[in-house]
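Below is one structure; the comments refer to it alone.
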Amino acid sequence: MEHQIYQSLVDSKEKGEKKFVVLIDPDKVRLKNMQSIIDLSIEAKVDYFFIGGSLVVNNMLDHCLETIKKSCDIPLILFPGNNSTQLSYKADALLFLSLISGRNADLLIGKHVISAPYLKMSPLEIISTGYMLIDGGIPTSVSYISNTYPIPATKDDISLCTALAGEMLGLKLIYMDAGSGAKNPVSESMIDAVSSATKIPLIVGGGIRTPEKAYKNVKAGADVIVVGNAIEKDPNLIKEMAAAVHEVKVTSET
Ligand code: 1GP
């Protein structure tokens, strides 16, 4: 279990470079869309693919991973709705998510216990991640399935303290997510509050529909931007989104 992907995130953060991730939900993406998403991602120099969703309905995970692997070297990172399902050795890494915004013991540690022996044997790079669900203005699948409340969108202080606690517990990444298809993405002021208080890489996703919002998020302190829904609807957005994120390079003085 090498730590190449995590190390690349840490190195980029140190250099002030920002990463752009395309999220593919294997259940939702249409097969004809998949190849164009892959081709456009190669062209746009997308940094990683996240693969996952809240539910597994069609069992397309392996097929999805194989199709991408055949076409490119962009690393494949599992982003599972549930740590004990949606696992595959065909990916490169796994975000081992602890839902630290919620108080559901199963998603803080329970599912992890069940999947740990399988993961120990797997070649996947395991990246422990503090996952924070932020209210995005509409009920989301994650909130319903996880049976947890999101952090209210205006409570920057709660997010800050939650992320800080996650970092102190030794989690390697923080992922602030307004949920797929969120009406309101995570605010820049919340991103700023969390990124100023923590040192570990900060991933932000959920409801990001425009390159302008992606740009504002990285300027506010996000290290990694994740977009799924908007790209499923219009794969041509990949190029502009990736360019907007990669354009920002933060120097230590800024
Ligand atoms: C959801 O952060 C991801 O978990 C991406 O959200 O699909 O709304 O881009 P969208």
Counted residues, the range 224-247 - those being touching a residue at least 24 places away in the same chain (Cβ under 8 Å) and in a helix (DSSP H, G or I):
14
In the range 130-162, what residues are within 16 Å of the ligand (Cβ to nearest atom) and part of a helix (DSSP H, G or I)?
SER141, VAL142, SER143, TYR144, ILE145, SER146, SER159
Residue satisfying all of: in the range 1-46; part of a strand (DSSP E or B) and crowded, with 22+ Cβ neighbours inside 10 Å; modelled with the lowest pLDDT among these
ILE24
Under 8 Å between Cβ atoms, which residue pairs at least 6 apart in sequence (or on different chains) link something in the range 58-82 that is in contact (Cβ under 8 Å) with a residue 60 or more places away in the chain and aliphatic (A, V, I, L, M) with a partner that is surrounded by 14 or more Cβ atoms within 10 Å (Cβ to Cβ) and part of a loop (DSSP other than H, G, I, E, B)?
ILE77/ALA91; ILE77/ASP92
Restrict the check to the range 109-122 and report whether at least one residue is of a type outside the set (Lys, Arg), crowded, with 19+ Cβ neighbours inside 10 Å and at pLDDT 95 or above.
no
Every residue in the range 185-201 that is farther than 17 Å from ILE100 by Cα and within 11 Å of the ligand (Cβ to nearest atom), please.
PRO185
Can you tell me which residues in the range 188-239 are within 15 Å of ILE134 (Cα to Cα), surrounded by fewer than 19 Cβ atoms within 10 Å (Cβ to Cβ) and either out of contact with any Gly (no Cβ under 8 Å at 6 or more places or on another chain) or among the basic types (Lys, Arg) (or both)?
GLU188, SER189
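The values are calculated or read from the model by the stated rules, or taken from the named source; none is laboratory data. This structure is a prediction, so every number in the text was calculated from the model and none was measured. Heads up, the Cβs are rebuilt from the backbone with ideal geometry, glycines too, and the neighbour counts pull from every protein chain shown.
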